[in-house]
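K.L.:
Below is the structure I would like to discuss, written out as C-alpha cells.
The values are calculated or read from the model by the stated rules, or taken from the named source; none is laboratory data. Model, not experiment: these values are computed from the prediction. Heads up, the Cβs are rebuilt from the backbone with ideal geometry, glycines too, and the neighbour counts pull from every protein chain shown. Calculation scope for accessible area: heavy atoms of the full protein, side chains included, ligands and nucleic acids excluded. Shrake-Rupley method; radii C 1.70, N 1.55, O 1.52, S 1.80 Å.
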Amino acid sequence: MTAIQTAIMIGAVVLGTMLTRFTPFLVFGGEKPVPKYVGYLGKALPGAALGLLVIYSFKNVDVLVGSHGLPELIALVLIVLLHVWKRNMLLSIAAGTGAYMLLVNFVFTGASGV
C-alpha cells in the first residue's frame, strides 16, 4: 500500500470507531430516557457474547486425542476461579489466556495429536 492509501485506511478506521463510540451519546444523550429495549440489550448482550466466545473456544477441542482438552479445561477453571474471587474480567481473561499459552507451549507440547 502506498502512504496515501495507508492514511485513507487509518482515517476510515478512526472515523468508523468515532461514529460507533459517539452515536449512542448523540442519540440517547441529555435528558432523554433510554428505551427499555436498549437497556435490555445492554444487560443481555455481554453475557451472550461471552457465551458465544466460550462455545467458539471449545468447538474444536477433541477429548479423545492429544492433550484431551486439559489445557483448555485448566485455563477455563483458572478463569472461573479468578473471576469469582476478584470480579475483574480483564484479569480473568488475561490470566486464562496466559496460562493456556504456557500450557500448550511448554507443558503439553508433545500431545498435540495432529
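K.L.:
Give, rounded to the nearest 20 debye, the magnitude of the charge dipole that region 1-84 has about its Cα centre when Lys and Arg contribute +1 at Cβ and Asp and Glu contribute -1 at Cβ.
P.N.:
320 debye
K.L.:
Given bins 10 angstrom wide, list per bin the percent of all Cα-Cα distances in region 64-114, short to long.
P.N.:
28, 46, 21, 5
K.L.:
Now for a different question. Where the convex hull is taken over the Cα atoms of the chain, what is its projected area averaged over directions, in nm²?
P.N.:
Orientation-averaged projected area of the Cα hull: 12.1 nm².
K.L.:
Which loop-located trypsin sites (Lys or Arg not before Pro) does region 52-114 contain, where loop means any DSSP state but H, G, I, E or B and the Cβ has at most 12 other Cβ atoms within 10 Å?
P.N.:
K59, R87
K.L.:
Please list K43, K32 in order of solvent-accessible area, largest first, computed with a 1.4 Å probe with all protein chains present.
P.N.:
Correct descending sequence by accessible area is K43, K32.
K.L.:
So, one more: Which translational diffusion coefficient, to the nearest whole µm²/s, is obtained for region 37-93 from the Stokes-Einstein equation, given a Kirkwood hydrodynamic radius over C-alpha pairs, 37 °C and 0.692 mPa s?
P.N.:
Rounded, D is 252 µm²/s.
K.L.:
Also: Given the options V13, V38, V61, which has the most mean-square fluctuation in a GNM of the chain, springs set between C-alpha atoms less than 10 angstrom apart?
P.N.:
Comparing V13, V38, V61 in the GNM, the peak value goes to V13.
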